[in-house]
Each structure stands twice: as structure tokens, then as C-alpha cells.
Amino acid sequence: MQEPQPNQPQAVHFGAGNIGRGFIGALLTESGYFVVFADVDKNLIKELNSHNSYEVHVLTDKGRTEEIRSFTGALSQKAEVPLAIASPRTRLITTAVGPNVLEKIAPVIAKGLKERRLANAGALNVIACENMVGQTETLKKYVQSHLSDEENAWLSEHIGFANCSVDRIIPAPTSRFANNPLDVCVEEFSEWIVDEALLRAPIDPPVQGMTLTDSLQGYIERKLFTLNCGHAITAYLGFVHGLERVDQAMANKEIMEEVRGALRESGAALVKKHGFDADEHERYVERVFSRFANPKLHDNVERVGRQPLRKLSKGDRLLGPTAMARAYGLPIDHLARGIAAAFLFDVKSDPQSAEMIGRINENGIERAVAEYTGFEEGNEVHDKVITAYKELKAKKDRKTAGAALLSAL
């Protein structure tokens, strides 16, 4: 188990998975922080505490490896995590746990902040690095529910809860890391943009790869409604076509036309709302496509498409750009087909997929779409989604039948 150097600044990061180790935690350690990885996975914490380093493999044409040091692991439910939060050396609390887990880690963070207040350990910042709009603000509300009025008054003055936009594709691990299961593969591109106005202390030392801004909302929606939207639609259409990887889906002309059409629709809405330069946004979209098409990522469509109900939630990557485009009277045909494809994501190992498919089988696709999207039957978007669903389902059924026939020969 490693220990921080004397006077070394510290960060407590919740979520020691691939994103935590390959993106947020890696940037923090490379910026001089000692990182306490907090997680509920006992085996993962054991691995963190039995290794002095791990490697981040950057998947470029030539390949590059970064060695990550200066970290330890701690079980989230143990007292050492609140103690780490209360330490005067701790400057940052970050997360990469998934939006649904923020409520579960809030009591631990609240306990640590209570101890920090009693220890008079000074100000710090909390940044939740999740793929959702207002993720840190949501975490703050969960934390506040565990504090008294007096503690919340102190929190408002001393603890910054800054929303952010994070962007890096990190594929599922492979068996190549048998010697060190902590090793992780990542794409070269990364973006971490933080709302500077909500900080309560300087980011000191500065974090490499973190950009502070006073106009975060545009960045968040650009990323969520472009990269995440396109990634999800590519995965769902790839699944319909029986493809395994995202780069294979990108090589399919029919899928590519659909995804490009969806991002043209979301892009028109983003340009309208945020005043982005249309040509610059088009270049951003093309860069996103080049990232999706990287064969070295081996990015599985089932990984990208998992938790379809979360991706179909209001304001998220599919319904968010659709609602924005409709608000400006813009077309949504390709976005509607992307939504329809999500309802065909039938992966039994994914609880949300199983719930969704069960609801479709029980109540019919019309009611399921209305329930999960909020677009009632007879609504223009609902009609477009249902029409596209039936077309895509017929295509998927034909491909499934063809594959079954081939396997029987």
C-alpha cells in the first residue's frame, strides 16, 4: 500500500473502474495529486493496494503507455474514506461511478465533510464526472439531505460543487492484462471542462487536461447531444444489424447515413441555441466520427448500449436533442430512428434492457414508447418512433432468421 509524500496534495476519487483509473484518476496523479480510490469492490481495492503502479495504454496508431503511480485504494463503506475527505491535504473529491450511484455515495461524502468541518480543514471542491447534465448539482442535493441546516450553511461557503463535461472513450478491458488487472486502454482524446464559477477554492495544483470555463452548459450539451447521442445511436443500429463493434457499425453505409443525419439534426439545434459556429461544429462532428471508427478501441456495441432506459431518460442523449430540435421547429426524423433502435436493444444480461423488453412484450411497443419517452400516442415524435421501430424490427428479424438458417446448414 502506497502513502503520500510529505505535503503532497490529495484527491479522493469515488469509482475505481476503467474511467476512474484511465481518465480522472490518471490525470490527477499525473498532476501531482495522491489519489485515494474509493470503491465497493473488495477485489479491486485489494489489487490497488497490492500494486505500486498500473499502465494506461493509449490506443493511437503507434501506441503509447503511461505509468500511473501515487495512489491507494479504500473501501467506500470504511471509515478511512471520510477520514481522507477530512484531511487538510485533500483538495478535490471526484467521482466516476455512474449517475445511479451518486445517491449511494452521498452519505459517505456527507460524513467526511462533517468531519472536515469539525477539523477546520478548509475549503475543497467536488466534481462529479458522470455522463449527465447537472451531475455535481445532483450529488450536492443528495449530500445536503444528510446534513443539518448549520452544516449546510458551512458547506455553501466552503465546499464547491462544480458541474463538468467529461469526454473519453474507454473500451472494456481485455485478457491481455493478466499480469496487472489494473491496466486500462483509452483513446488518445480526452476533455474535462469544469464550471469555474461554482468552485470554492483554487484548483491547486492545476489538473492537466482540465479546462475551467464560465460557459459550461454549451459544452455539456454539445458533448451529450453529439458524442453520446451519436455513440448510442451507432451502437443501437449496430445491434439491429447484428454487428459486434462500433467501428464495424461506422463502416456500414446505412448506419453511417442514419447517425450523420441524427447529428445533423442535433447540431442544427445546438447551433441555434448556443450560437456555435456551424462550420466549427461540423468539424467537431467529423472528429467524433473518426474517434468512433478507431478499430484499436474494439468498442463493443453492447457496452455502449447498456442501460438503455437511462439513455432514454428526459434530457439525456436521445430525448434531449430531440426535444431541443422540436422546440426550434427543426427536423427530428433521424433522431426518432435512433430512439426506435434503442427499444430493440435486447440484451438479457442488462437489467434495464430486460425490463424494457419485458414491458414491450407485456403492453406493446406503443405504450412502452409513451411510458419511457413521455411522447404520448398520437404525438408526432411518438408516431415517427413507432414507424421506425417497426421497420427496424423487421430488418432485425430478417437478419436473425438468416443467421439462424446459416448456423443450421
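Explain nothing, just the number: relative contact order of the chain, from Cα pairs under 8 Å at least 6 residues apart, as a whole percent. Spell out each step's value before the answer.
Values: 745 pairs, mean separation 51.2, N = 409.
RCO, the chain: 13 percent.
Report, as a whole number in µm² per second, the diffusion coefficient that Stokes-Einstein gives for segment 204-247 at 37 °C and 0.692 mPa s using the Kirkwood radius over alpha carbon pairs.
Result for D is 255 µm²/s.
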Under a crude label model (7 Å from the Cα following the beta-carbon direction), how far is PHE276 from GLU67 in nanometres? 4.0 nm
In nm, give the distance between the simple-model label positions of ALA354 and GLU188, each being 7 Å from the Cα along the Cα-to-Cβ direction. 4.1 nm
Could you work out how far helix 253-274 tilts from the main Cα principal axis of the chain, as a 0 to 90 degree angle to the nearest 10? 60 degrees
Roll a 1.4 Å probe over the protein chains and send me the accessible area per residue for the chain in Å². 44 Å²
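Quick one: grab the alpha carbon gyration tensor of segment 1-45, order the square roots of its eigenvalues as a ≥ b ≥ c, and give me rounded if a/c is under 1.5, else prolate or oblate depending on whether a/b is larger than b/c.
Numbers: a/c = 2.50, a/b = 1.43, b/c = 1.75.
Note, shape of segment 1-45 comes out oblate.
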Taking the mean number of other Cβ atoms within 10 Å as a proxy for protection, how do you rank 274-286, 213-225 from highest to lowest? 213-225, 274-286
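Of LYS46/LYS296; LYS314/LYS395; LYS314/LYS393; LYS46/LYS111; LYS223/LYS273, which ones are farther than 19 Å apart at the Cα?
Details: LYS46/LYS296 29 Å; LYS314/LYS395 28 Å; LYS314/LYS393 24 Å; LYS46/LYS111 24 Å; LYS223/LYS273 14 Å.
Distance filter (> 19 Å) returns LYS46/LYS296; LYS314/LYS395; LYS314/LYS393; LYS46/LYS111.
Taking a ≥ b ≥ c as the square roots of the Cα gyration tensor eigenvalues, with a/c under 1.5 meaning rounded and otherwise prolate when a/b beats b/c, else oblate, which class fits segment 71-159? The partial results should precede the final answer.
Details: a/c = 1.58, a/b = 1.15, b/c = 1.37.
Verdict is oblate for segment 71-159.
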Tell me the angle of helix 229-240 to the major Cα principal axis of the chain, expressed in degrees between 0 and 90 and rounded to the nearest ten. 50 degrees
Which three extents, in whole angstrom, do the alpha-carbon atoms of segment 307-409 cover along their principal axes, largest first? 53, 26, 22
Quick numbers on the chain, Rg and Dmax over C-alpha atoms in Å, give 22.1, 73
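Sort the following peptides by mean Cβ neighbour count (other Cβ atoms within 10 Å, averaged over residues), highest first: 137-144, 63-70. Intermediate values should be presented prior to the final figure.
On the way: 137-144: 19.6, 63-70: 13.8.
Output ranking for 137-144, 63-70: 137-144, 63-70.
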Pseudo-spin-label distance ALA401 to ALA153, built 7 Å along Cα→Cβ, given in nm, is 7.1 nm
Using amide H atoms built in the peptide plane, which far-off residues or other-chain residues are under 5 Å from THR90 H to H? GLN10
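Can you tell me, using C-alpha contacts under 8 Å and at least 6 residues apart, the relative contact order of segment 223-286 as a whole percent?
Numbers: 41 pairs, mean separation 20.0, N = 64.
So the answer I get is 31 percent.
Work out how much length ASP383 to ALA197 would gain on full extension: take 0.36 nm times their residue separation and subtract the Cα-Cα distance, in nm to one decimal.
Answer, rounded to one decimal: 62.7 nm.
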How large is log10 of I(q)/I(0) for segment 205-335 at q = 0.12, 0.18 Å⁻¹ when the intensity is taken from the Debye formula with one equal scatterer per alpha-carbon? -0.46, -0.99
What is the sum of charges around ASP316, taking Lys and Arg as +1, Asp and Glu as -1, for the other residues whose C-beta is under 13 Å from the C-beta of ASP316? +3
For the chain, give the share of DSSP beta bridges that are antiparallel, in percent and rounded to the nearest 5; count only bridges with both residues there. 25 percent
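Sort segment 1-125 into rounded, prolate or oblate with this rule: let a ≥ b ≥ c be the square roots of the eigenvalues of the Cα gyration tensor; rounded if a/c is under 1.5, and if a/c is not under 1.5, prolate when a/b is larger than b/c, oblate otherwise. Walk me through the numbers on the way to the answer.
Details: a/c = 1.87, a/b = 1.51, b/c = 1.24.
In terms of gyration-tensor shape, prolate.
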Which residue, THR138, HIS13, HIS51, has the largest displacement toward the positive end of the dipole of the chain when charges sit on each Cβ (Lys, Arg +1; Asp, Glu -1)? HIS51
Expressed in whole Å with the largest first, what are the equivalent ellipsoid semi-axes of segment 126-245 derived from the C-alpha gyration tensor as the square root of 5 times each eigenvalue? 32, 18, 16
Within 12 Å, Cβ to Cβ, of ARG117, how many net charges do the neighbouring residues add up to if Lys/Arg are +1 and Asp/Glu are -1? -1
Could you give the distance between the Cα centres of segment 69-116 and segment 273-291, to the whole Å? 36 Å
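Let me check I've understood the local charge: for ALA201, count other residues with C-beta under 15 angstrom from its C-beta, Lys and Arg +1, Asp and Glu -1. What total comes out? Write down the numbers at each step before the final one.
Values: positive: ARG89, ARG91, ARG116, ARG117, ARG200; negative: GLU157, ASP195, GLU196, ASP204.
Charge balance in the 15 Å sphere: +1.
The values are calculated or read from the model by the stated rules, or taken from the named source; none is laboratory data. What you are looking at is a predicted structure, and each value in this text was computed from that prediction instead of being measured. FYI the Cβ positions are ideal-geometry reconstructions off the backbone, even for glycines, and counts take in every protein chain you see. These area figures cover heavy atoms from the full protein model, side chains too; ligands, DNA and RNA do not enter into them. Shrake-Rupley method; radii C 1.70, N 1.55, O 1.52, S 1.80 Å.
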